Amino acid sequence: MKTFSIAIHGGAGTLVEGMMTPELEAQYKTALKLALDSGYMLLEQGKTAVEAVEEAVKVLEDSHLFNAGKGSVFTATESHEMDASIMDGKTLNAGGVSLITGIKNPVSLARDVMEKSEHVFLAGEGAMQFAKELDYKLEDASYFYDEFRHKQWLEIKDTDSFQLDHSKSSKNDKSVAERSRSQKDSKFGTVGAVACDQDGNIAAATSTGGMTNKKWGRVGDSPMIGAGNYANNKTCAISCTGSGEFFIRGVVAYDVACLMEHKGMSLDAASNEVINKRILEIGGDGGLIAVDAKGNIAMPFNTEGMYRASKTSEGKVNISIYK
């Protein structure tokens, strides 16, 4: 039997060891394990990498702990705008959705865009119309309400600041940064999964609620194929988390694949080159999870921590937060 494996992430950032309560840390690790095991179980049953990454991401979307689905952050208008994408490394088919509201599992809608439309990327009202035609149930705003998230937003509402989940402080407003020291131990982020199935096919999925207090329909890297999400059996499957604007400019997910394809780098070398050198050179921070068609896994990040977990058919299991 071929090696199969899965890796997941729940965001990267200022996750300083000792700043989080043991109880909260245990909650995170439990949530990561649940998502990891649910995806792994499908791979074990011979299901596809696409099915496994969708399932793992759905479990993370259903947890209030992560900034995706149920735990999505509040925008400047006190609403939620979610993004997600998925890609099949075997066919290079992909689907992405952006600026959607009320959808419990945005990753599933992204998969439906990939498999049930002629398109790759749907956004806003059009994406919602597509969901409606597929009879998606729309959750009430109360489903997405999280007290901690709301407090996060109240601290910077009516300002020009926005909070990158994983960053050290809000942009453009020192007084806000000073007032929100508590955010130091409360970094959440994008979620994602990558997998290699028993047939050696790989896939990636990513989902996010964006950034707190975002305006003007801002879209990050998560739903963009090649920026925050990418999969190609020839090289790798990647799901990113970090400062989205920089990951878009660096076309990070595709950059890793390019280094493997054109420079002959290993998964580990290419991933580390991009996260620990190339993205830093343009001012970006964050991390990614990656898998290749042999089941190898890489999970580099250049921040203090990244919620991450991986499991292989060889029995290797890793569930970590800090470096």
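Suppose we filter 268, 255 for residues that are among the charged types (D, E, K, R), assigned to a helix (DSSP H, G or I) and touching a residue at least 24 places away in the same chain (Cβ under 8 Å); which single one remains? Matching residue, one of 268, 255: 268. Of the residues making up the range 63-81, those that are part of a loop (DSSP other than H, G, I, E, B) and in contact with a helix residue (DSSP H, G or I) (Cβ under 6 Å, 6 or more places away or on another chain) are 63, 64, 65, 66, 68, 72, 73, 74, 80. Looking only at residues in the range 123-139 that are in a helix (DSSP H, G or I) and either in contact with a strand residue (DSSP E or B) (Cβ under 7 Å, 6 or more places away or on another chain) or hydrophobic (A, V, I, L, M, F, W, C) (or both), the one that is farthest from residue 67 (Cα to Cα) is 130.
Comparison of 286, 305, 315 shows that the only residue that is free of Cβ contacts under 8 Å to residues at least 40 places away in the same chain and either buried (at least 16 other Cβ atoms within 10 Å of the Cβ) or of a type outside the set (Ser, Thr, Tyr) (or both) is 315. Within the range 169-212, the residues that satisfy the criterion of being modelled with pLDDT of 50 or more and among the hydrophobic types (A, V, I, L, M, F, W, C) are 191, 193, 194, 195, 196, 202, 203, 204, 205, 211. Of all residues in the range 95-122, those being part of a strand (DSSP E or B), surrounded by fewer than 23 Cβ atoms within 10 Å (Cβ to Cβ) and under 16 Å from the mean Cα position of the chain (by Cα) number 1.
Checked against (1) modelled with pLDDT of 95 or more; (2) crowded, with 19+ Cβ neighbours inside 10 Å, residue 37 passes all but a single condition, namely (2).
The values are calculated or read from the model by the stated rules, or taken from the named source; none is laboratory data. Keep in mind it's a predicted model, so treat the numbers as computed, not measured. Because the Cβ atoms are built from the backbone with ideal geometry, glycine has one as well, and the counts that use them run over all protein chains shown.
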